[in-house]
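Here is the structure we will look at, set down as structure tokens.
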Amino acid sequence: MFTTLNTTLYRIVFAEFANTVLEGAIHPEGRFHHADQPALYASPSPDTAAIAIQIYLKPDDPPRVLVPLSLRNARMVDLRDIDTCKVLGIDPAWSTVPWSDERAAGRPATSWRASDAARAAGADGMLYASRRTPDRWHVVLFSWNIGNGAVLDIDGTPTRWSPKQ
């Protein structure tokens, strides 16, 4: 049911948050977290990280940096694996529903069903397909740097990032 993930990941964050990148999401809710649940979103390549934040970019944004991370010993639920989803009672389509539209209408995000099921199963996080480019994937961590679970460290120097790259 779980996939163990040991890999390099990347996050693109505002430069002012480079030193706190391991603290996770700065907003109380997002695609796979709500009610102040811990979450940290990352991607397996700089290009995929850029795809992940594309819809959030604004012309007047402050400077951003690309931060390389090292992830070890993460017990992950892979939402791309139909058999895993069946075992956990997850409909793979849940992760593709645009969460912000549902929240704007005052409804709970459908995608939270998937992350809530993975959290309840004891996963450190999930692997999920990109909505914009389904052949690429991203990671959301629910638990890291606590006890014997997933270990996440900064793995190099943050570098300036621009959407023009």
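Each value in this text was obtained by applying a stated rule to the coordinates, not by laboratory testing. Everything numeric in this text was worked out from a predicted model, so none of it was measured. All Cβ positions, even for glycine, are placed from backbone atoms using ideal geometry, and neighbour counts span all protein chains on display.
Here are a few things to note about the model shown:
- Positive-end extreme of charge dipole, the chain - chosen from THR3, SER111, ASN148 (charges on Cβ): SER111
- Once backbone amide H atoms are built at 1.01 Å from N, TRP161 has ARG64, VAL65, LEU66 as its partners under 5 Å, excluding neighbours fewer than 5 places away on the same chain.
- Build a GNM of the chain with springs between Cα atoms under 10 Å apart, and of PRO28, PRO62, PRO98 the one that fluctuates most is PRO62.
- Sites listed here are chymotrypsin sites (Phe, Trp or Tyr not before Pro) in segment 1-71 whose DSSP assignment is loop and whose Cβ has at most 16 other Cβ atoms within 10 Å: PHE2.
- Residue with peak Gaussian network fluctuation, the chain [Cα springs, cutoff 10 Å], from GLY122, GLY89, GLY106: GLY106
- Mean-position separation - Cα centroids, segment 151-165 and segment 57-120, in angstrom: 21
- Which of GLY89, PRO28, HIS138, positive extreme of dipole for the chain (C-beta unit charges): HIS138
- Summarising the amide proton neighbourhood of ASP155: residues at separation of 5 or more, or on other chains, whose placed amide H is nearer than 5 Å comprise LEU69, SER70.
- Here the chain is treated with +1 on each Lys and Arg Cβ and -1 on each Asp and Glu Cβ, and its dipole about the Cα centre works out to around 240 debye.
- Label-to-label distance, nm, for residues given as ARG113 and ILE82 (7 Å Cα→Cβ offset): 1.8
- Dividing the convex hull volume of the alpha-carbon atoms in segment 61-121 by its residue count gives 136 Å³ per residue.
- Nearest-0.05 FRET efficiency for ILE26 and ALA121, computed from C-beta distance (R0 25 Å): 0.45
- Looking at segment 89-154, the trypsin sites (Lys or Arg not before Pro) that sit in a DSSP loop and have at most 13 other Cβ atoms within 10 Å of their own Cβ are ARG132.
- Inter-label distance for SER70 and ASP101, nm, one decimal - labels placed 7 Å from Cα along Cα-to-Cβ: 4.2
- Label separation (THR157 vs ALA35): 4.4 nm, computed from points 7 Å beyond Cα along the C-beta direction.
- Anisotropy class of segment 3-161 from Cα gyration tensor, a/c 1.5 cut: oblate
- The H on the amide N of TRP137, modeled in the peptide plane, is under 5 Å from the matching H of SER130, each at least 5 residues off or on a different chain.
- Top of ILE90, ILE53, ILE12 by mean-square fluctuation, Gaussian network on the chain, Cα under 10 Å: ILE53
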